[in-house]
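Have a look at the structure that comes next, please.
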Amino acid sequence: MPWSRISGSLSSPKVDVAIDLGNPFLNLTLDGFLKIGTVAATRAAAEDTYHILQKRNISSHEFEKMLKKMCKEGAYWGTIAGVYVGTEYGVERIRGTRDWKNAMIGGAITGALVSASSKNKKDKIALDAITGAAIATAAEFINYLT
């Protein structure tokens, strides 16, 4: 029985912004902020566009509200990403090695900082630190597998 095979590869587009602040820590932190902030702003824009089209109400007020939400979401998630990337890099420099433990520690510190800045209580801060560590470690393992 004849058979055929398709050969090829899929790859995601790569976008790099070259802003040199003269320090690898600052460069990585800014890069994380810009990339994740852009993703969050795009998600907010897509979500609001969907809602505007559902209501069939396109007005300048709705558009202004969408822009404010895009900026807020982009800044919030960009800041979290910048803190995480900077923390992970700092842990890597302190430990002198590059492995999954840096992601775990960076995720835990970032989760705790974000939770503490939201004025949560100690138990919630600890749980958010554990969640941050788990998500960052899982992402690192998934990245390693691909």
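Could you tell me which of the residues THR110, THR87, THR97, THR79 is of a type in the set (Val, Ile, Thr) and not in a helix (DSSP H, G or I)?
Going through THR110, THR87, THR97, THR79 in turn, the sole match is THR97.
Across region 78-127, which residue is nearest to LEU26 (Cα to Cα) among those that are surrounded by fewer than 21 Cβ atoms within 10 Å (Cβ to Cβ) and among the acidic types (Asp, Glu)?
GLU92
Something else: Does any residue of region 24-31 turn out to be among the hydrophobic types (A, V, I, L, M, F, W, C) and in contact with a Leu (Cβ under 6 Å, 6 or more places away or on another chain)?
No; the residues of region 24-31 include none that is among the hydrophobic types (A, V, I, L, M, F, W, C) and in contact with a Leu (Cβ under 6 Å, 6 or more places away or on another chain).
State whether the residues of region 44-55 include one that is surrounded by fewer than 14 Cβ atoms within 10 Å (Cβ to Cβ) and touching a helix residue (DSSP H, G or I) at 6+ places or on another chain (Cβ under 9 Å).
Yes, some residue in region 44-55 is surrounded by fewer than 14 Cβ atoms within 10 Å (Cβ to Cβ) and touching a helix residue (DSSP H, G or I) at 6+ places or on another chain (Cβ under 9 Å).
Is there a residue being free of Cβ contacts under 8 Å to residues at least 40 places away in the same chain, exposed (fewer than 14 other Cβ atoms within 10 Å of the Cβ) and within 28 Å of GLU88 (Cβ to Cβ) anywhere in region 27-41?
No - not one qualifying residue is present in region 27-41.
Just to be sure, is LEU53 over 12 Å from the mean Cα position of the chain (by Cα) and either charged (D, E, K, R) or at pLDDT below 95 (or both)?
yes
The values are calculated or read from the model by the stated rules, or taken from the named source; none is laboratory data. All of these numbers come straight from a predicted model, not from anything done at the bench. As a convention, Cβ positions derive from the backbone with ideal geometry for all residues, glycine included, and neighbour counts pool all protein chains shown.
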